Amino acid sequence: MVSIEEQIQATINKIRPFIRRDGGDVEFVAFEDGIVYINMIGACADCMMIDTTISDGIEMILMEEVPGVLGVKLASEREIK
């Protein structure tokens, strides 16, 4: 059986080419309590559209394709336990 984290990685790998077109990339950091934590890299890290990219793109696709995903946040918003 494929783990949720493996499903998240596979879905991010499907999204990645679209993000790379704009000179950026996305990195999976962790999955905790239904939230996927990511880092945006390259041009995406400083982009004014980062919130839209995450909420209307990455989050929407992950929530649709991976059962158990409730949201996506930047790793910098993660509370270390």
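The values are calculated or read from the model by the stated rules, or taken from the named source; none is laboratory data. A quick note: this is a predicted structure, and the numbers were derived from the prediction, not measured. Cβ atoms come from the backbone with ideal geometry, glycine included; neighbour counts cover every protein chain shown. Please note that ligands, DNA and RNA were not included when accessible areas were found on the heavy atoms of the full protein model with its side chains. Shrake-Rupley method; radii C 1.70, N 1.55, O 1.52, S 1.80 Å.
One table, with the values for the structure above:
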{"item": "Fraction of accessible area attributable to carbon and sulfur, the chain (%, probe 1.4 Å)", "result": "54"}
{"item": "Using alpha carbons only: equivalent-ellipsoid semi-axes of the chain, gyration tensor based, whole Å", "result": "19, 15, 11"}
{"item": "Residue-level accessible surface for residue 33, protein heavy atoms, 1.4 Å, Å²", "result": "120"}
{"item": "Net dipole in debye of the stretch 1-49 [+1 Lys, Arg Cβ; -1 Asp, Glu Cβ; about Cα centre; nearest 20]", "result": "300"}
